[in-house]
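Step one of this worksheet: look at the structure below.
The values are calculated or read from the model by the stated rules, or taken from the named source; none is laboratory data. Everything numeric here is computed off the predicted structure, so don't read it as measured data. Methodologically, a virtual Cβ is constructed for each residue, glycine included, from the backbone with ideal geometry; neighbour enumeration extends over all protein chains shown. Each accessible area value is taken on the protein alone, full model and side chains, heavy atoms only, with ligands, DNA and RNA left out. Shrake-Rupley method; radii C 1.70, N 1.55, O 1.52, S 1.80 Å.
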Amino acid sequence: YSRAASRSHLKKLAPSPEAVAWDAPHVVDSFELRAVNTMETVTVRYVDGVLDPTSKKELDHVMRCLRTERTKTIDPRLVDALRRIAAEVGGRLDLVSGYRAPKNWHEHNYHNRGEAADIRVPGMPARKLRNIARSLGLRGVGWYPTTNMIHVDVRDEPYFWIDWSGPNQVDRELRVH
């Protein structure tokens, strides 16, 4: 670079974006997610609107399959959705279920792909949390009144439902609009 800079006919190189960013103040935004089954907590950080890779790796671990202990890369769109919900509710989100490893070769759902989470907010009725998720434009939202949680996912086509089943019961899903 020094030889090139000494030549007047060569264009000067602009400083790299990283060098400029270190001199400027950063905007740091975060939200907290606590896994209710393991009591692990992660603070998910965004720096200048970009998901921090270290906290993303921690989030992938906290959202792991509890049956197999396997992790999966959680879809960044889901992380962004959780961030928006946390900002709206002004507090921590409780994770009931994140990634679930498929039990067999034909099981495919949004949890298996790292694109869904079952969540709740301490002290908030799931009905209200469901309304918040839908008002934010999330396209996959299920309401589980019996267990006071909601399901959120990042599907393309809108689908909303209510399920009155409880833990370890057969799903009784009813589509709603």
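For the reader, a short list of remarks on this structure follows.
- Filter result for GLY98 (open to solvent by less than 10 Å² (accessible area, probe 1.4 Å), in contact (Cβ under 8 Å) with a residue 60 or more places away in the chain, in contact with a helix residue (DSSP H, G or I) (Cβ under 8 Å, 6 or more places away or on another chain) and of a type outside the set (A, V, I, L, M)): yes
- Number of the exception - GLY90 against (1) without any contact (Cβ under 8 Å) to a residue 24 or more places away in the chain; (2) touching a helix residue (DSSP H, G or I) at 6+ places or on another chain (Cβ under 8 Å); (3) not hydrophobic (A, V, I, L, M, F, W, C): (2)
- Residues that are within 15 Å of the chain's Cα centre (by Cα) and acidic (Asp, Glu), drawn from region 107-148: GLU115, ASP118
- Some residue of region 34-43 being in contact with a Gly (Cβ under 8 Å, 6 or more places away or on another chain), modelled with pLDDT of 90 or more and closer than 30 Å to ILE119 by Cα: yes
- Within region 65-78, the residues that satisfy the criterion of being open to solvent by less than 80 Å² (accessible area, probe 1.4 Å) and within 12 Å of the chain's Cα centre (by Cα) are ILE74, ASP75, PRO76, LEU78.
- Number of positions in region 89-126 that are acidic (Asp, Glu) and under 18 Å from LEU51 (Cβ atoms): 1
- 3 or more residues closer than 23 Å to MET39 by Cα: qualifying strands (runs of 3 or more DSSP E) within region 73-177: 93-97, 116-120, 149-153
- A residue that is open to solvent by less than 50 Å² (accessible area, probe 1.4 Å), of a type outside the set (A, V, I, L, M) and modelled with pLDDT of 95 or more occurs nowhere in region 79-90.
- For region 16-27, a residue qualifies if it is surrounded by 10 or more Cβ atoms within 10 Å (Cβ to Cβ) and either within 17 Å of the chain's Cα centre (by Cα) or modelled with pLDDT under 50 (or both), and exactly one does: VAL20.
- Test: residue in region 58-74 that is farther than 16 Å from ALA116 by Cβ and in contact with a helix residue (DSSP H, G or I) (Cβ under 9 Å, 6 or more places away or on another chain): no
- In the set (1) within 24 Å of ARG134 (Cα to Cα); (2) modelled with pLDDT of 95 or more, CYS65 fails one condition alone, (1).
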